[in-house]
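Q: Here it is: the structure, laid out below.
All of the numbers you see were taken from the coordinates with simple rules; none came from a lab. Computed from a predicted model, the values in this text were never measured in an experiment. As a convention, Cβ positions derive from the backbone with ideal geometry for all residues, glycine included, and neighbour counts pool all protein chains shown.
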Amino acid sequence: MRVLVAYYSETGNTEKVARAICEEASKEHEASLKSVGEIIVGNLNDYDVVFLGSACHSTDLAAPVKRLLDAIPDSPKFKLAGFFTHATSTAGFHRWASKCISSFQNTSRERQVDFGGYYNCQGVPSPPVQEFIKREAIASADKYEEYLEEVRKHPSPEDLQKAREFAREVLSWAQE
Ligand SMILES: Cc1cc2nc3c(=O)[nH]c(=O)nc-3n(C[C@H](O)[C@H](O)[C@H](O)COP(=O)(O)O)c2cc1C
């Protein structure tokens, strides 16, 4: 199959996940890796499977990824799968990152896109975002230090391994 892994990443976390997915897909398929800015929407139908990835911004997919999703034609030939990285931990996920999931699901439903699901993991936030989290999202200093120690490890080797497993599952679903 022809596989495209397209991603939007400002500080490299989502790009690491994209590279892991692309490496896995390359084992048995013709896979290419592109940043969202390189994508021409009219060419998406050249692919059998498109993995679309984003950093989570303001609780949702980043604006360039939302614009790309909005531009997807109805009932495209390709199958879609999503991935995203976010700074929030499980405790804050619903409030701070769950719109990423609804955006993939709503577009897929509205445009009749075959959607193979999504993968997500934490990604260490940049220093300004760390400041925001310290100020707005985590009240206690102890909890913030604990959070920071943990989030700095992501995406971890285990996260990237899970992304590879996700890629394998999506590709076998797409081949059915
Ligand atoms: C402008 C901006 C807004 C962000 N908003 C959120 C957010 O609402 N929820 C969240 O979990 N993470 C948020 N983050 C953190 C990023 O999603 C996270 O660090 C991600 O791994 C960054 O991916 P990247 O390195 O591929 O750019 C935000 C980051 C930036 C720069």
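Q: Of these, SER35, SER26, SER54, SER75, which one is under 22 Å from LEU171 (Cα atoms) and crowded, with 20+ Cβ neighbours inside 10 Å?
A: Only one candidate passes the filter, namely SER54.
Q: I'd like the full set of residues that are surrounded by 15 or more Cβ atoms within 10 Å (Cβ to Cβ) and either among the β-branched types (Val, Ile, Thr) or part of a loop (DSSP other than H, G, I, E, B) (or both), limited to the range 133-157.
A: Answer for the range 133-157, where residues must be surrounded by 15 or more Cβ atoms within 10 Å (Cβ to Cβ) and either among the β-branched types (Val, Ile, Thr) or part of a loop (DSSP other than H, G, I, E, B) (or both): ILE133, ILE138, VAL151, HIS154, PRO155.
Q: Any chance the range 129-145 includes a residue that's of a type outside the set (Phe, Trp, Tyr), within 18 Å of VAL5 (Cβ to Cβ) and touching a residue at least 12 places away in the same chain (Cβ under 8 Å)?
A: No, that holds for no residue.
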